[in-house]
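Data first, discussion second: the structure below is written as C-alpha coordinates.
The values are calculated or read from the model by the stated rules, or taken from the named source; none is laboratory data. Quick caveat, the model's predicted, so the values are computed rather than measured. Backbone-built Cβ (ideal geometry, glycine too); neighbour counts: all protein chains shown. Keep in mind that these areas ignore ligands, DNA and RNA; they rest on the heavy atoms of the full protein, side chains included. Shrake-Rupley method; radii C 1.70, N 1.55, O 1.52, S 1.80 Å.
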Amino acid sequence: MNHVLITGGAGFIGSNFIHRLIELRPDLLIINLDLLTYAGNKDNLKSVEDNSQYQFIHGDIADQPLVESILEKYQIDTVVNFAAESHVDRSICGPIQFLNTNVVGTGILLEAVRKFWSSKNTTGFRFHHISTDEVFGSLNPGEPPFNEASQYSPNSPYSASKAASDHLVRAYHHTYGIPITISNCTNNYGPYQFPEKLIPLIIMNCLRGKSLPVYGDGQQIRDWLYVEDHCDAILQILEHGKVGETYLIGGENQPSNLEIIHQITGLLDELLPDSPYSPHSSLIKFVQDRPGHDRRYAMEISRIQNELGWSPKHNLASGLRATVEWYLSHQDWVNALVEKESFSTWINNNYSNRGGN
Ligand code: NAD
Ligand code: TYD
(Lines give C-alpha, C1' and ligand atoms only; values in the text may rest on other atoms or scores of the structure.)
(Ligands and ions follow the chains in the order given, each with its own letter.)
Protein backbone atom coordinates (compact mmCIF):
# COMPACT_ATOMS: atom_id res chain seq x y z
CA MET A 1 0.00 0.00 0.00
CA ASN A 2 1.63 3.23 -1.22
CA HIS A 3 -0.92 5.42 -2.98
CA VAL A 4 -4.36 5.29 -1.37
CA LEU A 5 -7.63 6.70 -2.67
CA ILE A 6 -10.10 7.29 0.16
CA THR A 7 -13.65 8.06 -0.93
CA GLY A 8 -15.93 9.91 1.49
CA GLY A 9 -12.91 10.92 3.57
CA ALA A 10 -14.48 14.20 4.72
CA GLY A 11 -17.20 12.36 6.65
CA PHE A 12 -17.07 10.94 10.16
CA ILE A 13 -15.23 7.62 9.81
CA GLY A 14 -13.28 8.56 6.68
CA SER A 15 -11.76 11.65 8.30
CA ASN A 16 -10.82 9.67 11.42
CA PHE A 17 -9.22 7.09 9.13
CA ILE A 18 -7.18 9.73 7.31
CA HIS A 19 -5.93 11.19 10.62
CA ARG A 20 -5.00 7.68 11.76
CA LEU A 21 -3.19 6.85 8.48
CA ILE A 22 -1.16 10.06 8.65
CA GLU A 23 -0.21 9.24 12.23
CA LEU A 24 0.66 5.57 11.68
CA ARG A 25 1.84 5.44 8.04
CA PRO A 26 3.74 8.67 7.31
CA ASP A 27 5.05 7.42 3.93
CA LEU A 28 1.66 6.94 2.28
CA LEU A 29 0.19 9.26 -0.34
CA ILE A 30 -3.48 9.82 0.57
CA ILE A 31 -6.00 11.17 -1.96
CA ASN A 32 -9.42 12.02 -0.52
CA LEU A 33 -12.28 12.15 -3.05
CA ASP A 34 -15.40 13.57 -1.42
CA LEU A 35 -18.53 15.22 -2.80
CA LEU A 36 -18.98 17.32 0.37
CA THR A 37 -22.64 16.52 0.86
CA TYR A 38 -24.31 17.84 4.03
CA ALA A 39 -22.31 15.15 5.91
CA GLY A 40 -18.93 16.02 4.40
CA ASN A 41 -16.88 18.64 6.22
CA LYS A 42 -13.45 19.87 5.20
CA ASP A 43 -12.98 21.22 8.73
CA ASN A 44 -12.59 17.60 9.89
CA LEU A 45 -9.24 17.60 8.07
CA LYS A 46 -8.11 21.19 8.65
CA SER A 47 -5.07 20.13 10.65
CA VAL A 48 -3.73 18.00 7.77
CA GLU A 49 -4.73 20.02 4.71
CA ASP A 50 -1.20 21.39 4.21
CA ASN A 51 0.44 18.02 4.78
CA SER A 52 2.32 16.96 1.64
CA GLN A 53 1.12 13.38 2.21
CA TYR A 54 -2.50 14.43 1.75
CA GLN A 55 -4.59 15.82 -1.10
CA PHE A 56 -8.29 16.64 -1.25
CA ILE A 57 -10.33 16.34 -4.46
CA HIS A 58 -13.90 17.61 -4.55
CA GLY A 59 -15.96 15.18 -6.61
CA ASP A 60 -18.38 12.32 -6.95
CA ILE A 61 -17.66 8.57 -6.92
CA ALA A 62 -20.31 8.38 -9.64
CA ASP A 63 -18.18 10.56 -11.98
CA GLN A 64 -16.38 7.77 -13.83
CA PRO A 65 -14.02 9.92 -15.94
CA LEU A 66 -12.95 11.81 -12.81
CA VAL A 67 -12.29 8.60 -10.84
CA GLU A 68 -10.39 7.07 -13.79
CA SER A 69 -8.22 10.17 -14.06
CA ILE A 70 -7.42 10.06 -10.33
CA LEU A 71 -6.51 6.37 -10.44
CA GLU A 72 -4.24 6.99 -13.41
CA LYS A 73 -2.66 10.27 -12.28
CA TYR A 74 -1.74 9.05 -8.79
CA GLN A 75 -1.13 5.41 -9.75
CA ILE A 76 -3.46 4.32 -6.96
CA ASP A 77 -2.85 0.84 -5.52
CA THR A 78 -5.48 0.89 -2.75
CA VAL A 79 -9.05 2.21 -2.77
CA VAL A 80 -11.04 2.45 0.47
CA ASN A 81 -14.69 3.22 -0.19
CA PHE A 82 -16.34 5.08 2.69
CA ALA A 83 -18.51 7.33 0.47
CA ALA A 84 -22.19 6.78 1.19
CA GLU A 85 -25.41 8.24 2.43
CA SER A 86 -25.32 6.91 5.98
CA HIS A 87 -28.33 7.95 8.09
CA VAL A 88 -31.25 5.50 8.42
CA ASP A 89 -33.84 8.19 9.25
CA ARG A 90 -32.88 10.17 6.13
CA SER A 91 -33.20 6.98 4.06
CA ILE A 92 -36.76 6.60 5.34
CA CYS A 93 -37.60 10.21 4.39
CA GLY A 94 -35.87 10.02 0.98
CA PRO A 95 -34.58 6.65 -0.23
CA ILE A 96 -33.62 7.52 -3.80
CA GLN A 97 -30.45 9.42 -2.93
CA PHE A 98 -29.34 6.28 -1.08
CA LEU A 99 -29.78 4.23 -4.24
CA ASN A 100 -27.94 6.84 -6.32
CA THR A 101 -24.89 7.05 -4.07
CA ASN A 102 -24.66 3.71 -2.34
CA VAL A 103 -25.68 1.47 -5.23
CA VAL A 104 -25.09 3.34 -8.51
CA GLY A 105 -22.14 5.33 -7.10
CA THR A 106 -20.41 2.20 -5.86
CA GLY A 107 -21.12 0.49 -9.19
CA ILE A 108 -19.54 3.33 -11.18
CA LEU A 109 -16.56 3.46 -8.83
CA LEU A 110 -16.09 -0.27 -9.39
CA GLU A 111 -16.27 0.21 -13.16
CA ALA A 112 -13.54 2.86 -13.03
CA VAL A 113 -11.43 0.53 -10.88
CA ARG A 114 -12.04 -2.40 -13.23
CA LYS A 115 -10.89 -0.38 -16.25
CA PHE A 116 -7.77 0.88 -14.48
CA TRP A 117 -6.88 -2.42 -12.82
CA SER A 118 -7.30 -4.55 -15.94
CA SER A 119 -5.21 -2.16 -18.06
CA LYS A 120 -2.35 -2.27 -15.52
CA ASN A 121 -2.31 -5.96 -14.77
CA THR A 122 -0.79 -4.97 -11.41
CA THR A 123 -0.36 -7.17 -8.39
CA GLY A 124 -0.93 -5.83 -4.91
CA PHE A 125 -4.00 -3.79 -5.82
CA ARG A 126 -6.87 -3.70 -3.30
CA PHE A 127 -10.43 -2.33 -3.29
CA HIS A 128 -11.77 -2.27 0.26
CA HIS A 129 -15.46 -1.60 0.83
CA ILE A 130 -16.75 -0.25 4.15
CA SER A 131 -20.10 -1.70 5.14
CA THR A 132 -22.37 -2.17 8.11
CA ASP A 133 -23.89 -4.82 10.38
CA GLU A 134 -27.31 -3.49 9.34
CA VAL A 135 -27.21 -5.56 6.11
CA PHE A 136 -27.98 -8.66 8.21
CA GLY A 137 -31.26 -7.29 9.55
CA SER A 138 -32.51 -7.49 13.11
CA LEU A 139 -31.90 -10.02 15.93
CA ASN A 140 -34.33 -11.01 18.65
CA PRO A 141 -33.13 -11.01 22.27
CA GLY A 142 -31.07 -14.16 22.93
CA GLU A 143 -30.43 -14.94 19.25
CA PRO A 144 -26.74 -15.60 18.43
CA PRO A 145 -24.79 -12.70 16.91
CA PHE A 146 -24.30 -12.29 13.16
CA ASN A 147 -21.26 -13.99 11.62
CA GLU A 148 -19.65 -13.86 8.16
CA ALA A 149 -22.05 -16.57 6.92
CA SER A 150 -25.23 -14.85 8.14
CA GLN A 151 -27.90 -14.27 5.52
CA TYR A 152 -28.37 -10.72 4.26
CA SER A 153 -31.78 -9.45 5.37
CA PRO A 154 -31.75 -5.64 5.26
CA ASN A 155 -34.79 -3.79 6.59
CA SER A 156 -34.30 -0.08 5.86
CA PRO A 157 -33.63 1.67 2.56
CA TYR A 158 -30.19 2.51 3.98
CA SER A 159 -29.29 -1.09 4.84
CA ALA A 160 -30.81 -2.39 1.59
CA SER A 161 -28.65 0.03 -0.40
CA LYS A 162 -25.54 -0.99 1.56
CA ALA A 163 -26.41 -4.66 1.02
CA ALA A 164 -26.68 -4.03 -2.72
CA SER A 165 -23.29 -2.32 -2.76
CA ASP A 166 -21.72 -5.25 -0.87
CA HIS A 167 -23.15 -7.64 -3.47
CA LEU A 168 -21.73 -5.54 -6.30
CA VAL A 169 -18.27 -5.52 -4.73
CA ARG A 170 -18.41 -9.28 -4.25
CA ALA A 171 -19.62 -9.77 -7.85
CA TYR A 172 -16.74 -7.68 -9.25
CA HIS A 173 -14.34 -10.00 -7.45
CA HIS A 174 -16.10 -13.17 -8.56
CA THR A 175 -16.63 -12.12 -12.18
CA TYR A 176 -13.66 -9.91 -12.99
CA GLY A 177 -11.16 -10.93 -10.33
CA ILE A 178 -10.86 -7.45 -8.77
CA PRO A 179 -8.93 -7.98 -5.50
CA ILE A 180 -11.47 -6.87 -2.92
CA THR A 181 -12.11 -7.08 0.80
CA ILE A 182 -15.28 -6.04 2.65
CA SER A 183 -15.78 -5.13 6.29
CA ASN A 184 -19.13 -4.94 8.07
CA CYS A 185 -18.92 -2.87 11.22
CA THR A 186 -21.29 -2.05 14.06
CA ASN A 187 -22.33 1.47 15.15
CA ASN A 188 -19.37 3.82 15.43
CA TYR A 189 -19.04 6.79 17.74
CA GLY A 190 -16.30 9.32 18.48
CA PRO A 191 -14.89 12.65 17.23
CA TYR A 192 -16.31 14.32 14.08
CA GLN A 193 -19.59 12.38 14.00
CA PHE A 194 -22.31 14.47 12.39
CA PRO A 195 -24.83 15.48 15.09
CA GLU A 196 -27.81 13.78 13.44
CA LYS A 197 -26.72 10.40 14.88
CA LEU A 198 -27.77 9.30 18.36
CA ILE A 199 -24.65 9.93 20.47
CA PRO A 200 -23.63 13.39 19.19
CA LEU A 201 -27.31 14.43 19.01
CA ILE A 202 -27.79 13.57 22.69
CA ILE A 203 -24.64 15.45 23.72
CA MET A 204 -25.61 18.47 21.63
CA ASN A 205 -29.18 18.59 22.92
CA CYS A 206 -28.01 18.30 26.54
CA LEU A 207 -25.73 21.32 26.05
CA ARG A 208 -28.66 23.31 24.67
CA GLY A 209 -31.27 22.15 27.19
CA LYS A 210 -33.28 20.50 24.41
CA SER A 211 -35.24 17.30 24.81
CA LEU A 212 -33.46 13.97 24.21
CA PRO A 213 -35.65 12.05 21.73
CA VAL A 214 -35.87 8.33 22.51
CA TYR A 215 -37.54 6.36 19.71
CA GLY A 216 -40.18 3.90 20.94
CA ASP A 217 -39.33 2.24 24.25
CA GLY A 218 -35.57 2.88 23.99
CA GLN A 219 -34.83 -0.83 24.45
CA GLN A 220 -33.30 -1.28 21.00
CA ILE A 221 -29.78 -2.68 21.15
CA ARG A 222 -26.74 -1.67 19.13
CA ASP A 223 -23.14 -2.78 19.42
CA TRP A 224 -20.96 0.34 19.72
CA LEU A 225 -17.38 0.72 18.55
CA TYR A 226 -15.08 3.67 19.18
CA VAL A 227 -14.14 4.99 15.73
CA GLU A 228 -10.37 4.72 16.27
CA ASP A 229 -10.78 0.97 16.82
CA HIS A 230 -12.68 0.72 13.53
CA CYS A 231 -9.88 2.59 11.74
CA ASP A 232 -7.26 0.22 13.17
CA ALA A 233 -9.33 -2.78 12.05
CA ILE A 234 -9.52 -1.41 8.48
CA LEU A 235 -5.75 -0.90 8.43
CA GLN A 236 -5.20 -4.50 9.57
CA ILE A 237 -7.49 -5.76 6.80
CA LEU A 238 -5.72 -3.65 4.15
CA GLU A 239 -2.30 -4.87 5.21
CA HIS A 240 -3.00 -8.46 6.23
CA GLY A 241 -6.53 -9.39 5.11
CA LYS A 242 -7.20 -12.13 2.59
CA VAL A 243 -8.42 -11.04 -0.86
CA GLY A 244 -12.09 -11.88 -1.44
CA GLU A 245 -12.81 -12.09 2.29
CA THR A 246 -15.39 -10.38 4.48
CA TYR A 247 -14.51 -9.35 8.05
CA LEU A 248 -16.99 -8.43 10.76
CA ILE A 249 -15.96 -5.72 13.21
CA GLY A 250 -17.62 -4.82 16.51
CA GLY A 251 -17.14 -3.65 20.08
CA GLU A 252 -18.71 -6.67 21.80
CA ASN A 253 -21.16 -4.71 23.91
CA GLN A 254 -24.96 -4.75 24.05
CA PRO A 255 -26.37 -1.64 25.75
CA SER A 256 -29.90 -0.46 25.05
CA ASN A 257 -30.33 3.02 23.58
CA LEU A 258 -31.72 4.18 26.93
CA GLU A 259 -28.63 2.89 28.75
CA ILE A 260 -26.36 4.76 26.32
CA ILE A 261 -28.35 7.95 26.86
CA HIS A 262 -28.13 7.57 30.65
CA GLN A 263 -24.37 7.05 30.43
CA ILE A 264 -24.03 10.27 28.42
CA THR A 265 -26.27 12.31 30.72
CA GLY A 266 -24.34 10.95 33.74
CA LEU A 267 -21.02 11.99 32.19
CA LEU A 268 -22.36 15.48 31.48
CA ASP A 269 -23.71 15.83 35.06
CA GLU A 270 -20.18 15.01 36.25
CA LEU A 271 -18.25 17.16 33.76
CA LEU A 272 -20.63 20.17 33.89
CA PRO A 273 -21.67 20.41 37.58
CA ASP A 274 -22.96 23.99 37.10
CA SER A 275 -25.13 23.20 34.09
CA PRO A 276 -28.65 24.67 34.39
CA TYR A 277 -29.92 21.47 32.72
CA SER A 278 -28.52 19.05 35.33
CA PRO A 279 -29.61 16.32 35.90
CA HIS A 280 -29.52 16.00 32.12
CA SER A 281 -31.60 12.81 32.22
CA SER A 282 -34.62 15.04 33.00
CA LEU A 283 -34.47 16.06 29.30
CA ILE A 284 -35.30 12.52 28.11
CA LYS A 285 -38.47 12.39 26.00
CA PHE A 286 -39.99 9.22 24.54
CA VAL A 287 -41.16 9.90 20.98
CA GLN A 288 -42.78 7.99 18.14
CA ASP A 289 -40.67 5.06 16.99
CA ARG A 290 -38.73 4.87 13.71
CA PRO A 291 -40.74 2.89 11.12
CA GLY A 292 -39.30 -0.62 10.68
CA HIS A 293 -36.86 0.00 13.55
CA ASP A 294 -34.35 -2.87 13.89
CA ARG A 295 -34.48 -4.21 17.44
CA ARG A 296 -31.00 -5.57 17.94
CA TYR A 297 -27.62 -5.93 16.24
CA ALA A 298 -24.69 -8.02 17.50
CA MET A 299 -21.51 -9.27 15.81
CA GLU A 300 -19.35 -12.36 16.14
CA ILE A 301 -15.83 -10.96 15.64
CA SER A 302 -13.68 -14.07 16.10
CA ARG A 303 -12.43 -14.14 12.47
CA ILE A 304 -10.74 -10.74 12.63
CA GLN A 305 -9.51 -11.48 16.16
CA ASN A 306 -8.03 -14.88 15.30
CA GLU A 307 -6.81 -14.25 11.76
CA LEU A 308 -5.65 -10.63 11.98
CA GLY A 309 -5.05 -10.17 15.71
CA TRP A 310 -7.38 -7.16 15.97
CA SER A 311 -9.55 -6.49 19.03
CA PRO A 312 -11.12 -3.26 20.25
CA LYS A 313 -8.84 -1.29 22.58
CA HIS A 314 -11.56 0.99 23.94
CA ASN A 315 -14.47 -0.16 26.04
CA LEU A 316 -17.77 1.71 26.03
CA ALA A 317 -17.06 3.65 29.24
CA SER A 318 -13.65 4.94 28.09
CA GLY A 319 -14.86 5.59 24.53
CA LEU A 320 -17.94 7.50 25.66
CA ARG A 321 -15.93 9.63 28.06
CA ALA A 322 -13.41 10.48 25.32
CA THR A 323 -16.29 11.31 22.95
CA VAL A 324 -18.16 13.55 25.40
CA GLU A 325 -14.91 15.36 26.25
CA TRP A 326 -14.17 15.84 22.54
CA TYR A 327 -17.60 17.39 21.89
CA LEU A 328 -17.25 19.66 24.94
CA SER A 329 -13.92 20.95 23.65
CA HIS A 330 -15.10 21.27 20.02
CA GLN A 331 -18.33 23.20 20.42
CA ASP A 332 -17.36 25.56 17.57
CA TRP A 333 -17.23 22.55 15.24
CA VAL A 334 -20.74 21.51 16.28
CA ASN A 335 -22.13 25.07 16.23
CA ALA A 336 -20.94 25.63 12.64
CA LEU A 337 -22.93 22.58 11.50
CA VAL A 338 -26.00 23.20 13.61
CA GLU A 339 -26.32 26.81 12.49
CA LYS A 340 -26.81 25.75 8.86
CA GLU A 341 -30.38 26.03 7.60
CA SER A 342 -30.21 22.52 6.16
CA PHE A 343 -29.61 21.14 9.66
CA SER A 344 -32.64 22.82 11.24
CA THR A 345 -34.73 21.75 8.25
CA TRP A 346 -33.69 18.15 8.91
CA ILE A 347 -34.41 18.38 12.65
CA ASN A 348 -37.88 19.79 11.86
CA ASN A 349 -38.58 17.10 9.26
CA ASN A 350 -37.55 14.26 11.51
CA TYR A 351 -38.79 15.35 14.93
CA SER A 352 -41.65 17.82 14.62
CA ASN A 353 -44.36 15.21 14.02
CA ARG A 354 -43.09 12.60 16.45
CA GLY A 355 -45.00 13.84 19.50
CA GLY A 356 -43.89 12.42 22.84
CA ASN A 357 -44.23 13.00 26.54
P1 NAD B 1 -20.88 10.15 6.85
O2 NAD B 1 -22.28 10.36 6.42
O3 NAD B 1 -20.36 10.86 8.06
O4 NAD B 1 -19.88 10.50 5.66
C5 NAD B 1 -20.12 10.14 4.32
C6 NAD B 1 -19.13 10.91 3.45
O7 NAD B 1 -19.32 10.49 2.09
C8 NAD B 1 -19.35 12.43 3.48
O9 NAD B 1 -18.10 13.07 3.61
C10 NAD B 1 -19.98 12.72 2.12
O11 NAD B 1 -19.69 14.03 1.64
C12 NAD B 1 -19.33 11.65 1.27
N13 NAD B 1 -20.12 11.32 0.05
C14 NAD B 1 -21.45 11.07 -0.02
N15 NAD B 1 -21.79 10.82 -1.30
C16 NAD B 1 -20.66 10.89 -2.03
C17 NAD B 1 -20.36 10.70 -3.41
N18 NAD B 1 -21.33 10.40 -4.29
N19 NAD B 1 -19.09 10.83 -3.83
C20 NAD B 1 -18.10 11.14 -2.94
N21 NAD B 1 -18.33 11.34 -1.62
C22 NAD B 1 -19.59 11.21 -1.18
O23 NAD B 1 -20.72 8.58 7.01
P24 NAD B 1 -19.86 7.72 8.06
O25 NAD B 1 -20.65 7.55 9.30
O26 NAD B 1 -18.48 8.28 8.11
O27 NAD B 1 -19.85 6.32 7.30
C28 NAD B 1 -18.82 6.02 6.35
C29 NAD B 1 -19.07 4.63 5.80
O30 NAD B 1 -19.10 3.68 6.86
C31 NAD B 1 -20.43 4.48 5.08
O32 NAD B 1 -20.24 3.66 3.97
C33 NAD B 1 -21.32 3.79 6.12
O34 NAD B 1 -22.31 3.02 5.48
C35 NAD B 1 -20.30 2.93 6.83
N36 NAD B 1 -20.62 2.58 8.23
C37 NAD B 1 -20.95 3.57 9.12
C38 NAD B 1 -21.19 3.24 10.46
C39 NAD B 1 -21.51 4.31 11.48
O40 NAD B 1 -21.84 3.97 12.62
N41 NAD B 1 -21.40 5.59 11.17
C42 NAD B 1 -21.12 1.91 10.88
C43 NAD B 1 -20.78 0.92 9.94
C44 NAD B 1 -20.51 1.29 8.61
P1 TYD C 1 -28.43 6.08 14.79
O2 TYD C 1 -27.32 6.81 15.49
O3 TYD C 1 -29.25 6.82 13.80
O4 TYD C 1 -27.75 4.79 14.12
P5 TYD C 1 -28.46 3.49 13.43
O6 TYD C 1 -29.88 3.78 13.16
O7 TYD C 1 -27.65 3.33 12.18
O8 TYD C 1 -28.24 2.37 14.42
O9 TYD C 1 -29.40 5.46 15.89
C10 TYD C 1 -28.91 4.61 16.91
C11 TYD C 1 -30.09 4.11 17.68
O12 TYD C 1 -30.69 5.21 18.38
C13 TYD C 1 -31.21 3.52 16.81
O14 TYD C 1 -31.80 2.43 17.49
C15 TYD C 1 -32.20 4.66 16.68
C16 TYD C 1 -32.06 5.39 18.01
N17 TYD C 1 -32.32 6.85 17.96
C18 TYD C 1 -33.18 7.43 18.88
O19 TYD C 1 -33.77 6.74 19.75
N20 TYD C 1 -33.39 8.78 18.83
C21 TYD C 1 -32.79 9.56 17.89
O22 TYD C 1 -33.06 10.79 17.86
C23 TYD C 1 -31.88 8.96 16.95
C24 TYD C 1 -31.20 9.78 15.90
C25 TYD C 1 -31.67 7.59 17.02
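At a glance:
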{"quantity": "Residue check for LEU99: free of Cβ contacts under 8 Å to residues at least 40 places away in the same chain and surrounded by 15 or more Cβ atoms within 10 Å (Cβ to Cβ)", "calculated": "no"}
{"quantity": "Residues satisfying the stated conditions in the range 6-40, i.e. within 11 Å of ligand 1 (Cβ to nearest atom), over 14 Å from the mean Cα position of the chain (by Cα) and not aliphatic (A, V, I, L, M)", "calculated": "ASN32, ASP34, THR37, TYR38"}
{"quantity": "Residue list for the range 269-295, restricted to those being open to solvent by less than 30 Å² (accessible area, probe 1.4 Å) and over 24 Å from GLY209 (Cβ atoms)", "calculated": "ASP294"}
{"quantity": "Number of positions in the range 155-176 that are within 12 Å of ligand 1 (Cβ to nearest atom) and farther than 11 Å from ASN102 by Cβ", "calculated": "2"}
{"quantity": "Members of the range 102-133 that are surrounded by 20 or more Cβ atoms within 10 Å (Cβ to Cβ) and among the acidic types (Asp, Glu)", "calculated": "ASP133"}
{"quantity": "Failed item, numbered, when GLY266 is tested on (1) within 16 Å of ligand 2 (Cβ to nearest atom); (2) farther than 24 Å from LEU28 by Cα; (3) open to solvent by 20 Å² or more (accessible area, probe 1.4 Å)", "calculated": "(1)"}
{"quantity": "Some residue of the range 165-177 being touching a residue at least 24 places away in the same chain (Cβ under 8 Å) and among the small types (Gly, Ala, Ser)", "calculated": "yes"}
{"quantity": "Qualifying residue in the range 155-166 (condition: farther than 20 Å from HIS87 by Cβ, surrounded by 15 or more Cβ atoms within 10 Å (Cβ to Cβ) and aliphatic (A, V, I, L, M))", "calculated": "no"}
{"quantity": "Residue in the range 315-328 that is surrounded by fewer than 18 Cβ atoms within 10 Å (Cβ to Cβ) and in contact with a His (Cβ under 7 Å, 6 or more places away or on another chain) present", "calculated": "no"}
{"quantity": "Strands (runs of 3 or more DSSP E) completely within the range 184-233 that count 3 or more residues being of a type outside the set (Lys, Arg) and more than 15 Å from ligand 1 (Cβ to nearest atom)", "calculated": "212-215"}
{"quantity": "Flag for ILE182 being in contact with a Ser or Thr (Cβ under 7 Å, 6 or more places away or on another chain), of a type in the set (A, V, I, L, M), at pLDDT 95 or above and open to solvent by less than 30 Å² (accessible area, probe 1.4 Å)", "calculated": "yes"}
{"quantity": "Selected residue (criterion: farthest from ligand 2 (Cβ to nearest atom)) from residues of the range 1-50 that are charged (D, E, K, R) and out of contact with any strand residue (DSSP E or B) (no Cβ under 8 Å at 6 or more places or on another chain)", "calculated": "ASP27"}
